[in-house]
Amino acid sequence: MSIQVRHVTKTFGQYAALKDVNLDIPDGELVALLGPSGSGKTTLLRIIAGLEVPDANPETQILFHDQDVAARAVGDRRVGFVFQHYALFRHMSVFDNIAFGLRVRPRASRPSKGDIRARVHELLKLIQLENLGDRYPSELSGGQRQRVALARALAIEPKVLLLDEPFGALDAKVRQGLRRWLRDLHDKIHITSVLVTHDQEEALEVADRVVVMRQARIEQQGTPEEVFHHPASEFVMDFLGHVNLFHGRVDAGRAVFDGLAVDHAAGDAANGKAAKLLVRPHELELFREPNGNHSVKATVTRVHRAGPSVKVELNGPEGRELFVELTHERFAQAPVAAGDTAYVSPRATRVFVQDFSI
Amino acid sequence: MAEQRFQLRGPLTAATIRATRDALAPALAHARTAGPAVVDLAQVAAVDDIGLAQIMAALLDARAEGKTLRVENVPQDVLRRLSLLDPKDVMAAPQAGPRAGALESLGDGFFARTRDGAEFLGIVVELVIRLVMRPKGLRLKAIVEQVMIIGVGAIPILSLIGFLIGVIIAFQAAYQLRDLGANLYVANMVGLSMARELSPFVTGILVAGRSGSAIAAEIATMKINLELDALRTMAIDPTSSVLLPRVIATIIAVPILVALANVLGILGGLVIAVGPLSLSAGSYWDQILIAMRPNDILIGMLKAVTFGIVIATIACHKGSQVSGGSREVAAATTAAVVSSIFWMIVCDAIVTMVFFFVG
């Protein structure tokens, strides 16, 4: 089922959580709402679910499969909601938790006891906890609890699955496993899903589409590749991973930054304007000697060699910190140690001109 | 009115604390009595934090009295130091705000209770309307479960309390009646006090402390844990499925407990009557039957039902009002107990007075 959000604004007292947000989610997609805390992503999710009511406005619409559900109560929207802290019913066993949504249906639409049992077992199998149906939530690990919460949300056969930072409370290793599992699950059942997260890695890895939010608005949306490789703004680029920042100025089709110059065909309108150069750590090269290219001279402060790549921290011009990420092979060709002088030059760059972006 | 300038000289430091105060005194006195005063620091050699504190104290005094006192030619380093101080960044104000005077807190308490009362009436009305509309989430099983927890669970402790209260009343009554040679009337005293007043009241307090707090804490935890939201996403109304069963169960449980307390209180009285007071069990029992009319029991039951409503609705209300962190759970629990005991006493007084005049 597709979801459309039209002109949604939400204020809590003086605080605006959402400002005229519009969002289209096609049927069967897994969309991630990504943003720092306070950007409004959870509020948007709760409004889609019906747990929160948007500010009154005749233009506001929330469409499920082209039908306006804004007036419908949360229970009538057929949404499965997974909460960050699981929100499992503590006095019920895993089995009862999952079965609960079915058991409380009015008699007319309630499945038979046998059907409910079959459905719960099917879900227990899906979440790979077949033998733990009799346990209580407090006897499970965080990852297991979150899977139970997911099964509980899926039990009512929702049209839409909404996940509010589902892996936020779990440790890194479990989170990675669950992330992959969620993606597999989505490929299997193809339910329209919205995932709220502040973890950019999670969003980029799991989602079909990423919606980056900032200060109650949507900053950019697109496929993970689009937003990662073609960020619409400095904020998006910075939020999606570490960046090195250089300040400079646009001058006659070039942007000049502390010894670096980058072609920048922005037209004369941008001439003289302040510009920022953003380079990801893996897009920087490190040389022992200046090699004729534009480069920045810096002092190596630290080298991290543990891990899949070598991370070098440097102290650049004006005491600015620089981060360079190299493959082990590349590093072996020109090894540096703390205290060495090195030259940093970018392979790929993005220039953001003040009040202007390319 | 012209400004009077006061020139300060020399260092304003910890070493010159008294001199600084003496130097500031005339400026403050002028501001108080004559008119605007200006303290000039142009000729001051050094100002340390102690000196600064003294100046600030004088400024605050003047401001508190609505007088004009200004400081001019403040040295750059002092200004820089002051600009570093944004107390909001590093220090938090006390959460409770300024401490209220005794009378003020009395008034606050009164209004808080009155507001509670209004909200409480609103909830009772809402619950009644919901009940009449036959809510679909309300299940008999949930009510029975709660009756077991609230009612059956309280039986041992309540039996003991009821028995002991009967013993106490018997002794208290005998203490006064024995001089009149009217020991037999201990039975009247025990029977009537238990049925009309003490059983409902003691049961009410016990249930408020035992179950009211538990209900408030449970609902508050569910709210914080988003379990109530989880219910709503499954098309279950938390009011019908979580709050109503507890309210109904409490209303069922309290009168039953009161009846039990009545029986055990009378038994307690019997033990004292037969033992220290040397009455026969038969005459005690006959006297109980003479003294107690059905109305006495019914008034007690009316109170019991009222207390049940008060305890459960206040507990549900305080629990579901919680927002934010788990620290509020404790506050909600306390508020539920205090508030329900207060309103029980108010209702008790009303019922008692009405029946004193009515019958």
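The values are calculated or read from the model by the stated rules, or taken from the named source; none is laboratory data. The structure displayed is predicted, hence computed values, not measured ones. All Cβ positions, glycine included, derive from the backbone under ideal geometry; neighbour counts span all protein chains shown. Protein only, heavy atoms only, side chains kept; ligands, DNA and RNA dropped before computing areas. Shrake-Rupley method; radii C 1.70, N 1.55, O 1.52, S 1.80 Å.
Surface analysis of segment B:115-240 yields an accessible area of 48 Å² per residue, using protein heavy atoms and a 1.4 Å probe.
Accessible area buried by the pairing of B and A, both sides summed with a 1.4 Å probe, works out to roughly 1600 Å². Shown in residue order for segment B:255-272 are the 3J(HN,Hα) couplings computed by the Karplus curve 6.51 cos²θ - 1.76 cosθ + 1.60 at θ = phi - 60°: x, 5, 5, 5, 4, 4, 5, 4, 4, 6, x, 4, 4, x, x, 4, 4, 6 Hz (x for Gly and Pro). Per-residue packing, averaged as other Cβ atoms within 10 Å, sorts the ranges B:112-120, B:262-270, B:316-324 into the order B:262-270, B:316-324, B:112-120, beginning with the highest.
Once you have the Kirkwood Rh of chain A from its Cα pairs, apply Stokes-Einstein at 4 °C and 1.567 mPa s and quote D in µm²/s. Please report the intermediate quantities before stating the final value.
On the way: Rh = 23.2 Å.
For the chosen part, D equals 56 µm²/s.
Close amide H partners of A:ASP55, meaning residues 5 or more places away or on another chain with modelled amide H under 5 Å apart, are A:THR9, A:LYS10, A:THR11. Sparsely packed loop sites in segment A:1-67 (the GluC sites (Glu not before Pro) outside DSSP H, G, I, E and B with at most 16 other Cβ atoms within 10 Å) comprise A:GLU59. For chain A, the longest principal axis of the alpha carbon atoms and the long axis of helix A:113-126 meet at an angle near 20°. Entry comment: accessible area of chain A is 47 Å² per residue, from protein heavy atoms only and a probe of 1.4 Å. Over chain A, calculate the relative contact order: mean separation of alpha carbon pairs under 8 Å at least 6 apart, over the residue count, as a percent. Across chain A, relative contact order equals 16 percent.
Summing Cβ point charges (Lys, Arg +1; Asp, Glu -1) relative to the Cα centre of chain A gives a dipole of roughly 1320 debye. Of the residues A:VAL196, A:ALA32, B:ILE143, the one whose Cα sits farthest toward the positive end of the charge dipole of the protein assembly as shown, with +1 on the Cβ of Lys and Arg and -1 on the Cβ of Asp and Glu, is B:ILE143. As a ratio to 2.2 N^0.38 Å, the alpha-carbon radius of gyration for chain B is 1.60. For chain B, find the longest principal axis of its Cα atoms and tell me its angle to the long axis of helix B:49-64, 0 to 90°, nearest 10. Around 70 degrees separate the two axes. Taking 1.306 mPa s as the viscosity and 10 °C as the temperature, the Stokes-Einstein diffusion coefficient of segment B:131-285 based on its alpha-carbon Kirkwood radius rounds to 90 µm²/s.
Just want to confirm a number: the relative contact order over segment B:140-358, from Cα pairs under 8 angstrom separated by 6+ residues, in percent. Don't skip to the end; give the middle numbers.
Numbers: 307 pairs, mean separation 76.7, N = 219.
That works out to 35 percent.
DSSP bridge analysis restricted to the protein assembly as shown gives an antiparallel fraction near 65%, rounded to the nearest 5. Distance from the Cα centre of segment B:208-282 to that of segment A:86-141, in angstrom? Using only Cα atoms, the two centres lie 30 Å from each other.
Taking amide H atoms as placed 1.01 Å from N in the peptide plane, the amide H of A:LEU195 lies under 5 Å from those of A:VAL31, A:ALA32, A:LEU33, A:LEU163, each 5 or more residues away in sequence or on another chain. Mind pulling the angle between the C-alpha long axis of helix A:142-155 and the longest principal axis of chain A? Nearest 10 degrees, somewhere in 0 to 90. It is inclined by approximately 50 degrees.
Its Cα centre serving as origin, the protein assembly as shown has a Cβ charge dipole (Lys and Arg +1, Asp and Glu -1) of approximately 1620 debye. At a threshold of 8 angstrom on Cα-Cα distance, excluding pairs fewer than six apart, so keeping six or more, what relative contact order does segment B:277-359 reach in percent? That works out to 32 percent.
Which percent of the accessible heavy-atom area of segment B:140-358 goes to carbon and sulfur, probe 1.4 angstrom? Walk me through the numbers on the way to the answer.
On the way: 6940 of 9350 Å².
Accessible surface attributable to carbon and sulfur in segment B:140-358 totals 74 percent.
What you get for segment A:270-352, charging only the Cβ of Lys and Arg (+1) and of Asp and Glu (-1), is a dipole of about 240 debye around the Cα centre. For the protein assembly as shown, the calculated P(r), taken from all Cα-Cα distances in 10 Å bins from zero up to the bin holding the longest distance, is 3, 10, 14, 14, 15, 15, 13, 9, 4, 2, 1, 0, 0 percent.
In order along segment A:95-108, the Karplus-derived 3J(HN,Hα) couplings, from 6.51 cos²θ - 1.76 cosθ + 1.60 at θ = phi - 60°, round to 4, 5, 4, 5, 6, 3, x, 7, 5, 8, 5, x, 3, 4 Hz, and Gly and Pro are given as x.
Just the number, please: carbon plus sulfur as a percent of the accessible area of segment A:3-239, 1.4 Å probe, no ligands or DNA/RNA counted.
Working: 4880 of 10550 Å².
With neighbouring chains kept in place, the figure for segment A:3-239 is 46 percent.
Taking amide H positions as modeled 1.01 Å from N, with prolines and chain starts lacking one, the residues under 5 Å from A:THR301 and 5 or more places away or on another chain are A:GLU313, A:LEU314, A:ASN315, A:GLY339.
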